[in-house]
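Dumping the structure here so I can ask a few things about it.
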Amino acid sequence: MVQLRPKHLTIRDFIDDYGDNPQYELIDGEPIDLEPTGQHEEVAGFIGRKLNVAIDQQALPYFIPYRCLIKLLGTETAFRPDVVVLDKTQLDQEPLWQQEPVICRGTSVKLVVEVVSSNWQNDYARKTEDYALLGIPEYWIVDYLGLGGRDYTGNPKQPTLTLCVLKGDRYQKQALQGCDRIQSRAFPSLQLAVDQIFTPD
(Lines give C-alpha, C1' and ligand atoms only; values in the text may rest on other atoms or scores of the structure.)
Protein backbone atom coordinates (compact mmCIF):
# COMPACT_ATOMS: atom_id res chain seq x y z
CA MET A 1 0.00 0.00 0.00
CA VAL A 2 1.14 3.54 -0.63
CA GLN A 3 -0.37 6.79 0.53
CA LEU A 4 -1.61 9.26 -2.01
CA ARG A 5 -0.60 12.89 -1.78
CA PRO A 6 -1.65 14.31 1.62
CA LYS A 7 -5.34 15.12 1.48
CA HIS A 8 -7.68 14.91 4.46
CA LEU A 9 -11.10 13.58 3.55
CA THR A 10 -14.28 13.07 5.49
CA ILE A 11 -16.06 9.74 5.13
CA ARG A 12 -18.66 11.45 2.93
CA ASP A 13 -15.98 12.94 0.66
CA PHE A 14 -14.24 9.59 0.39
CA ILE A 15 -17.43 7.72 -0.51
CA ASP A 16 -18.29 10.37 -3.12
CA ASP A 17 -14.78 10.43 -4.64
CA TYR A 18 -13.59 6.81 -4.21
CA GLY A 19 -16.65 4.76 -3.25
CA ASP A 20 -16.82 2.93 -6.57
CA ASN A 21 -13.07 2.40 -6.86
CA PRO A 22 -12.00 -0.83 -5.11
CA GLN A 23 -8.35 0.26 -5.08
CA TYR A 24 -8.74 2.77 -2.22
CA GLU A 25 -9.61 2.82 1.47
CA LEU A 26 -9.55 5.64 4.04
CA ILE A 27 -7.48 5.64 7.23
CA ASP A 28 -7.74 8.64 9.57
CA GLY A 29 -8.87 10.86 6.71
CA GLU A 30 -6.06 9.82 4.36
CA PRO A 31 -6.94 7.95 1.14
CA ILE A 32 -4.74 4.86 0.78
CA ASP A 33 -3.96 3.29 -2.60
CA LEU A 34 -4.09 -0.47 -1.97
CA GLU A 35 -2.09 -1.26 -5.13
CA PRO A 36 -3.13 -4.93 -5.39
CA THR A 37 -0.90 -7.16 -7.49
CA GLY A 38 -2.14 -9.94 -9.72
CA GLN A 39 -1.05 -12.59 -7.22
CA HIS A 40 -2.77 -10.68 -4.40
CA GLU A 41 -6.03 -10.71 -6.37
CA GLU A 42 -5.58 -14.40 -7.21
CA VAL A 43 -5.28 -15.29 -3.52
CA ALA A 44 -8.28 -13.12 -2.57
CA GLY A 45 -10.35 -14.58 -5.42
CA PHE A 46 -9.52 -18.15 -4.37
CA ILE A 47 -10.61 -17.47 -0.78
CA GLY A 48 -13.84 -15.87 -1.98
CA ARG A 49 -14.57 -18.84 -4.23
CA LYS A 50 -14.04 -21.37 -1.43
CA LEU A 51 -16.19 -19.37 0.99
CA ASN A 52 -19.00 -19.00 -1.58
CA VAL A 53 -19.02 -22.78 -2.03
CA ALA A 54 -19.26 -23.21 1.75
CA ILE A 55 -22.12 -20.69 1.92
CA ASP A 56 -24.04 -22.64 -0.74
CA GLN A 57 -23.31 -26.07 0.73
CA GLN A 58 -24.45 -25.02 4.20
CA ALA A 59 -27.39 -22.92 2.91
CA LEU A 60 -26.27 -20.00 5.07
CA PRO A 61 -27.89 -16.55 4.87
CA TYR A 62 -24.53 -15.01 3.95
CA PHE A 63 -23.02 -13.41 0.86
CA ILE A 64 -19.76 -11.84 -0.28
CA PRO A 65 -20.24 -8.38 -1.81
CA TYR A 66 -18.15 -7.32 -4.77
CA ARG A 67 -17.52 -3.90 -3.21
CA CYS A 68 -17.96 -3.01 0.44
CA LEU A 69 -16.55 -0.53 2.95
CA ILE A 70 -16.42 -1.08 6.69
CA LYS A 71 -16.87 2.29 8.36
CA LEU A 72 -15.68 2.87 11.92
CA LEU A 73 -18.19 5.10 13.66
CA GLY A 74 -16.80 8.33 15.07
CA THR A 75 -13.71 8.22 12.85
CA GLU A 76 -12.63 9.20 9.35
CA THR A 77 -11.73 5.57 8.59
CA ALA A 78 -13.34 3.19 6.10
CA PHE A 79 -11.58 -0.09 5.40
CA ARG A 80 -12.08 -2.01 2.17
CA PRO A 81 -11.41 -5.68 3.00
CA ASP A 82 -10.22 -8.08 0.35
CA VAL A 83 -13.04 -10.46 1.29
CA VAL A 84 -15.95 -9.80 3.65
CA VAL A 85 -18.78 -12.21 4.45
CA LEU A 86 -22.01 -10.45 5.39
CA ASP A 87 -25.07 -11.79 7.19
CA LYS A 88 -28.17 -10.88 5.18
CA THR A 89 -30.37 -11.13 8.28
CA GLN A 90 -28.56 -8.17 9.87
CA LEU A 91 -28.54 -5.71 7.00
CA ASP A 92 -31.89 -4.11 7.86
CA GLN A 93 -30.10 -2.67 10.92
CA GLU A 94 -27.39 -1.04 8.82
CA PRO A 95 -27.98 2.74 8.56
CA LEU A 96 -26.27 3.25 5.18
CA TRP A 97 -26.73 -0.08 3.38
CA GLN A 98 -29.88 0.87 1.45
CA GLN A 99 -28.08 3.84 -0.13
CA GLU A 100 -24.50 2.51 -0.50
CA PRO A 101 -22.42 -0.61 0.26
CA VAL A 102 -21.15 0.60 3.65
CA ILE A 103 -21.22 -1.50 6.82
CA CYS A 104 -21.15 0.18 10.24
CA ARG A 105 -22.02 -2.69 12.62
CA GLY A 106 -19.82 -5.65 13.44
CA THR A 107 -22.88 -7.88 13.86
CA SER A 108 -23.43 -7.68 10.09
CA VAL A 109 -20.03 -9.26 9.42
CA LYS A 110 -19.33 -12.98 9.88
CA LEU A 111 -15.76 -12.95 8.58
CA VAL A 112 -13.30 -10.43 7.20
CA VAL A 113 -10.15 -11.33 5.24
CA GLU A 114 -7.18 -9.08 4.52
CA VAL A 115 -4.55 -10.32 2.07
CA VAL A 116 -1.29 -8.73 3.18
CA SER A 117 0.51 -6.31 0.88
CA SER A 118 3.49 -4.00 1.31
CA ASN A 119 2.00 -2.02 4.21
CA TRP A 120 1.57 -5.12 6.37
CA GLN A 121 1.53 -3.13 9.62
CA ASN A 122 -2.05 -1.99 8.94
CA ASP A 123 -3.31 -5.56 8.58
CA TYR A 124 -1.48 -6.94 11.62
CA ALA A 125 -1.91 -4.01 14.00
CA ARG A 126 -4.35 -1.25 13.06
CA LYS A 127 -7.05 -3.41 11.48
CA THR A 128 -6.72 -6.11 14.13
CA GLU A 129 -7.53 -3.55 16.82
CA ASP A 130 -10.29 -1.77 14.89
CA TYR A 131 -12.05 -4.92 13.68
CA ALA A 132 -12.03 -6.27 17.25
CA LEU A 133 -13.49 -3.03 18.66
CA LEU A 134 -16.20 -3.16 16.00
CA GLY A 135 -17.07 -6.69 17.19
CA ILE A 136 -16.26 -8.62 14.00
CA PRO A 137 -16.09 -12.23 15.25
CA GLU A 138 -13.46 -13.62 12.89
CA TYR A 139 -10.57 -12.07 10.95
CA TRP A 140 -8.02 -13.77 8.69
CA ILE A 141 -4.69 -12.11 7.92
CA VAL A 142 -3.42 -13.89 4.82
CA ASP A 143 0.30 -13.19 4.43
CA TYR A 144 1.02 -15.31 1.35
CA LEU A 145 4.50 -13.82 0.87
CA GLY A 146 5.55 -13.78 4.52
CA LEU A 147 5.92 -9.98 4.48
CA GLY A 148 5.02 -9.39 8.13
CA GLY A 149 7.49 -9.13 10.97
CA ARG A 150 9.11 -12.24 12.44
CA ASP A 151 6.77 -12.09 15.44
CA TYR A 152 3.96 -12.86 12.98
CA THR A 153 5.58 -15.03 10.32
CA GLY A 154 8.38 -16.84 12.17
CA ASN A 155 12.15 -16.86 11.86
CA PRO A 156 12.93 -17.40 9.07
CA LYS A 157 9.81 -15.65 7.78
CA GLN A 158 7.38 -17.79 5.82
CA PRO A 159 3.84 -17.54 4.41
CA THR A 160 1.41 -17.41 7.32
CA LEU A 161 -2.34 -17.16 7.83
CA THR A 162 -3.17 -15.58 11.19
CA LEU A 163 -6.60 -16.71 12.36
CA CYS A 164 -8.09 -14.14 14.75
CA VAL A 165 -11.15 -15.15 16.79
CA LEU A 166 -12.89 -12.57 18.96
CA LYS A 167 -12.89 -13.15 22.72
CA GLY A 168 -14.46 -10.20 24.52
CA ASP A 169 -13.09 -7.13 22.77
CA ARG A 170 -9.77 -8.67 21.66
CA TYR A 171 -8.72 -11.31 19.18
CA GLN A 172 -7.10 -14.58 20.13
CA LYS A 173 -4.59 -15.24 17.36
CA GLN A 174 -3.30 -18.48 15.88
CA ALA A 175 -0.53 -18.51 13.27
CA LEU A 176 -1.10 -21.22 10.67
CA GLN A 177 1.46 -22.39 8.12
CA GLY A 178 2.00 -25.18 5.61
CA CYS A 179 -0.63 -27.91 5.81
CA ASP A 180 -2.30 -26.50 8.96
CA ARG A 181 -6.09 -26.62 8.65
CA ILE A 182 -8.24 -23.53 9.18
CA GLN A 183 -10.71 -24.02 12.02
CA SER A 184 -13.22 -21.32 11.14
CA ARG A 185 -15.92 -20.24 13.56
CA ALA A 186 -18.03 -18.84 10.71
CA PHE A 187 -17.59 -21.98 8.58
CA PRO A 188 -17.01 -24.92 10.94
CA SER A 189 -17.29 -27.51 8.17
CA LEU A 190 -14.78 -25.75 5.90
CA GLN A 191 -12.05 -28.12 4.73
CA LEU A 192 -9.17 -25.86 3.79
CA ALA A 193 -5.45 -25.92 4.53
CA VAL A 194 -3.40 -22.75 4.39
CA ASP A 195 -1.01 -24.09 1.73
CA GLN A 196 -4.02 -24.42 -0.60
CA ILE A 197 -4.52 -20.65 -0.23
CA PHE A 198 -0.86 -19.82 -0.74
CA THR A 199 -0.72 -21.86 -3.96
CA PRO A 200 -4.30 -21.59 -5.29
CA ASP A 201 -5.37 -23.98 -8.04
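The values are calculated or read from the model by the stated rules, or taken from the named source; none is laboratory data. Remember, it's a predicted structure, so these values are computed and weren't measured experimentally. With ideal geometry, Cβ positions are generated from the backbone for all residues, glycine too; neighbour counts draw on all protein chains shown.
Would the stretch 135-153 turn up any residue that is modelled with pLDDT of 95 or more, of a type in the set (Gly, Ala, Ser) and surrounded by 19 or more Cβ atoms within 10 Å (Cβ to Cβ)?
No: zero hits.
Here's a follow-up. Return the total of residues in the stretch 145-201 being farther than 24 Å from Val53 by Cα, assigned to a helix (DSSP H, G or I) and out of contact with any Gly (no Cβ under 8 Å at 6 or more places or on another chain).
3
I'm told Ser117 meets every condition in (1) closer than 25 Å to Ile55 by Cβ; (2) of a type in the set (Ser, Thr, Tyr); (3) in contact (Cβ under 8 Å) with a residue 12 or more places away in the chain except one. Can you identify the failing condition by its number?
Only one criterion in (1) closer than 25 Å to Ile55 by Cβ; (2) of a type in the set (Ser, Thr, Tyr); (3) in contact (Cβ under 8 Å) with a residue 12 or more places away in the chain is unmet by Ser117, namely (1).
Are any residues in the stretch 28-64 closer than 21 Å to Pro188 by Cα, under 16 Å from the mean Cα position of the chain (by Cα) and not hydrophobic (A, V, I, L, M, F, W, C), and if so, which ones?
Matches in the stretch 28-64: Gly45, Gly48, Arg49, Lys50, Asn52, Tyr62.
Looking at the stretch 24-40, which of its residues are small (Gly, Ala, Ser) and surrounded by 16 or more Cβ atoms within 10 Å (Cβ to Cβ)? Reasoning before the result, please.
So in the stretch 24-40, the residues small (Gly, Ala, Ser) come out as 29, 38.
The one that is small (Gly, Ala, Ser) and surrounded by 16 or more Cβ atoms within 10 Å (Cβ to Cβ): Gly29.
Exactly one of (1) over 17 Å from Lys167 (Cα atoms); (2) buried (at least 17 other Cβ atoms within 10 Å of the Cβ); (3) of a type in the set (D, E, K, R) is unmet by Asp92. Its number?
Answer for Asp92: the failing condition is (2).
So which of Thr128, Thr107 ends up being surrounded by fewer than 21 Cβ atoms within 10 Å (Cβ to Cβ) and either in a strand (DSSP E or B) or touching a Ser or Thr at 6+ places or on another chain (Cβ under 9 Å) (or both)?
Going through Thr128, Thr107 in turn, the sole match is Thr128.
Select from the stretch 41-70 the residues that are under 18 Å from Cys104 (Cβ atoms), at pLDDT 95 or above and not aromatic (Phe, Trp, Tyr) and write down the one among them that is surrounded by the most Cβ atoms within 10 Å (Cβ to Cβ).
Top of the filtered list is Leu69.
Restricting attention to the stretch 134-149, which residues are in contact with a Pro (Cβ under 8 Å, 6 or more places away or on another chain) and either closer than 30 Å to Glu94 by Cα or not aliphatic (A, V, I, L, M) (or both)?
The first filter runs over the stretch 134-149 and keeps only residues in contact with a Pro (Cβ under 8 Å, 6 or more places away or on another chain), leaving 143-146.
Within the stretch 134-149, Asp143, Tyr144, Gly146 qualify.
Restricting to the stretch 169-201, count the residues that are of a type in the set (A, V, I, L, M), closer than 20 Å to Val85 by Cα and under 17 Å from the mean Cα position of the chain (by Cα). I'd like the intermediate steps shown before the answer.
Filtering the stretch 169-201 down to residues of a type in the set (A, V, I, L, M) leaves 175-176, 182, 186, 190, 192-194, 197.
From the residues that got through so far, the ones that are closer than 20 Å to Val85 by Cα too are 182, 186, 190, 192-194, 197.
Still in the running and under 17 Å from the mean Cα position of the chain (by Cα): 182, 186, 194, 197.
Number of matching residues: 4.
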